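> Provided herewith is a single structure, encoded as structure tokens, for subsequent inquiry.
The values are calculated or read from the model by the stated rules, or taken from the named source; none is laboratory data. Predicted, not measured: the structure shown is a model, and the values here were computed from it. Cβ: placed from backbone, ideal geometry, glycine included. Neighbour counts: every protein chain shown.
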Amino acid sequence: MSILKTEGLTYTYSAGTPFEKTAVDHVDLCIEENKMIGVIGHTGSGKSTLMQHFNGLLKPTSGKMLLEGEDIWADKAKLREVRFKVGLVFQYPEYQLFEETVAKDIAFGPKNMGLGDAEIKSRVLETADMLGMDRELLDRSPFALSGGQKRRAAIAGVMAMRPKVLILDEPCAGLDPKGRNLMLSQIRDYQKKTQSTVLLVSHSMEDVAEFTEKLLVMSKAKLFCYEETNKVFRRAEELKQLGLRVPQIASVMQSLRQKGYDLPEDLYTVEAAKNAILALLGKGAAEC
């Protein structure tokens, strides 16, 4: 069943002026429940504009935006409820922190949902644990935290509302490789535990190859494709024409195949490549 659906969704900035620009052009899309989805596209492709339609931050110039089968703009009074169901975390969300303590920041969303104090406290603690935050940090000012801790606190504030759809725009920007892998692992664990749909907007092909099931690819305001991650990366030449690339490990595997090594073509993660090479080495030893 689809949780999000667009029908001919089009959005034009500054319509009717000399600065008119169509950022999303007649997009038809069905996004399923309980999926970890990567969103990729070159700068200016329309991916961020599309994401802002999913929770009603932008209203389509034409077409429809459906949540659980209902047009979110059919009744403007319900938009507040839509934003509880579809949580959007912008790039560098730590700049959105504003409360006296981390706990109050995380509790802000659940409190606005009208939840009771006991439920709010439970969600704050559970979400902090999901993101590997030490509980002693909850009583600190968010402005006294490190960069990575601030990022987790800001993301936790949206996660605590338990949205059915969580949209994360470059959640790992600025993090080192170890911090990025930890963050993405925690996000994936959250998705599995809550059975929600997570949309991960990223410029890192390595990240989406490792952590997502499907990829949504935007190009020049249009939907290029929405398919399983491995199927998308098989279209390497088409991706290059869009200004994108396949993960680096895929290029390494291609070079090895060109040198005569019998390796599968759909190797896009380090783990898969390692297993394939070990299997090939074992096969070679057995033949000897």
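> Within the range 17-59, track down each residue that is part of a strand (DSSP E or B), of a type in the set (A, V, I, L, M) and within 17 Å of the chain's Cα centre (by Cα).
Once the filter is applied, which keeps residues that are part of a strand (DSSP E or B), of a type in the set (A, V, I, L, M) and within 17 Å of the chain's Cα centre (by Cα), the range 17-59 yields LEU29, ILE31, MET36, ILE37, VAL39, ILE40.
> While we're on this one: Does ASP117 satisfy the criteria of being acidic (Asp, Glu) and modelled with pLDDT of 95 or more?
The answer is yes for ASP117.
> Could you check how many residues of the range 159-170 are outside any strand (DSSP E or B) and either surrounded by 24 or more Cβ atoms within 10 Å (Cβ to Cβ) or more than 15 Å from the chain's Cα centre (by Cα) (or both)?
Going through the range 159-170 one residue at a time, the tally reaches 4.
> Then there's this: Output the residues belonging to the range 35-63 that are in contact with a Ser or Thr (Cβ under 7 Å, 6 or more places away or on another chain) and farther than 26 Å from ARG188 by Cα.
Answer for the range 35-63, where residues must be in contact with a Ser or Thr (Cβ under 7 Å, 6 or more places away or on another chain) and farther than 26 Å from ARG188 by Cα: LEU58, PRO60, THR61, SER62, GLY63.
> List pairs: first residue in the range 103-119 and in a loop (DSSP other than H, G, I, E, B), second residue β-branched (Val, Ile, Thr) anywhere in the structure, Cβ distance under 9 angstrom, at least six positions apart or on different chains.
Short answer, once both residue conditions are applied: MET113/ILE120.
> I'm told ARG188 meets every condition in (1) in contact (Cβ under 8 Å) with a residue 60 or more places away in the chain; (2) crowded, with 18+ Cβ neighbours inside 10 Å; (3) not in a loop (DSSP other than H, G, I, E, B) except one. Can you identify the failing condition by its number?
With respect to (1) in contact (Cβ under 8 Å) with a residue 60 or more places away in the chain; (2) crowded, with 18+ Cβ neighbours inside 10 Å; (3) not in a loop (DSSP other than H, G, I, E, B), ARG188 is out only on (2).
> Tell me, which residue of the range 88-125 that is touching a Pro at 6+ places or on another chain (Cβ under 8 Å) and of a type in the set (Val, Ile, Thr) is farthest from ARG180 (Cα to Cα)?
ILE120
> Working only within the range 138-149, note down all residues that are more than 28 Å from LEU79 (Cβ to Cβ), assigned to a helix (DSSP H, G or I) and either modelled with pLDDT of 95 or more or not aliphatic (A, V, I, L, M) (or both). Walk me through how you get there before you give the answer.
First, pick out the residues of the range 138-149 that are more than 28 Å from LEU79 (Cβ to Cβ): 138-141, 143-149.
Now drop any that are not assigned to a helix (DSSP H, G or I), which leaves 138-139, 143-144, 147-149.
Of everything in the range 138-149, those that are more than 28 Å from LEU79 (Cβ to Cβ), assigned to a helix (DSSP H, G or I) and either modelled with pLDDT of 95 or more or not aliphatic (A, V, I, L, M) (or both) turn out to be LEU138, ASP139, PHE143, GLY147, GLY148, GLN149.
> What is the number of the single condition among (1) touching a residue at least 12 places away in the same chain (Cβ under 8 Å); (2) among the basic types (Lys, Arg); (3) closer than 28 Å to GLU119 by Cα that LYS47 does not meet?
LYS47 satisfies all of (1) touching a residue at least 12 places away in the same chain (Cβ under 8 Å); (2) among the basic types (Lys, Arg); (3) closer than 28 Å to GLU119 by Cα except (3).
> Let me ask something additional. For the range 232-257, give me each residue that is of a type in the set (S, T, N, Q) and either within 12 Å of GLU206 (Cβ to Cβ) or at pLDDT 90 or above (or both).
The answer is GLN241, GLN248, SER251.
Residue-by-condition table, conditions (1) touching a His at 6+ places or on another chain (Cβ under 7 Å); (2) farther than 27 Å from LEU67 by Cα; (3) acidic (Asp, Glu):
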site: ALA103; (1), (2), (3): no, yes, no
site: ILE106; (1), (2), (3): no, no, no
site: MET113; (1), (2), (3): no, no, no
site: VAL124; (1), (2), (3): no, no, no
site: ASP134; (1), (2), (3): no, yes, yes
site: LEU137; (1), (2), (3): no, yes, no
site: MET183; (1), (2), (3): no, yes, no
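> What are the residues in the range 89-102 that are buried (at least 21 other Cβ atoms within 10 Å of the Cβ) and modelled with pLDDT of 95 or more, if any?
Hit for the range 89-102 is VAL102, nothing else.
> I would also like to ask the following. With the condition kept exactly as written, say whether any residue in the range 7-14 is of a type in the set (D, E, K, R), assigned by TED's automatic domain parsing to the domain that holds ARG188 and not in a strand (DSSP E or B).
no
> Inside the range 79-106, can you point out the residues that are over 30 Å from ARG135 (Cβ atoms) and in contact with a strand residue (DSSP E or B) (Cβ under 8 Å, 6 or more places away or on another chain)?
VAL82, the sole residue that qualifies.
> Answer yes or no: is there a residue in the range 216-229 that is out of contact with any helix residue (DSSP H, G or I) (no Cβ under 8 Å at 6 or more places or on another chain), exposed (fewer than 15 other Cβ atoms within 10 Å of the Cβ) and assigned to a helix (DSSP H, G or I).
Within the range 216-229, none of the residues are out of contact with any helix residue (DSSP H, G or I) (no Cβ under 8 Å at 6 or more places or on another chain), exposed (fewer than 15 other Cβ atoms within 10 Å of the Cβ) and assigned to a helix (DSSP H, G or I).
> Scan the range 1-12 and report the pairs whose first residue is farther than 18 Å from SER219 by Cα and whose second residue is among the basic types (Lys, Arg) and part of a strand (DSSP E or B), with Cβ atoms within less than 9 Å and a gap of 6+ or a chain change.
Close Cβ pairs satisfying both conditions: LYS5/LYS64.
> So which residues in the range 1-43 are among the β-branched types (Val, Ile, Thr) and farther than 17 Å from LYS64 by Cα?
THR17, ILE37, VAL39, ILE40, THR43
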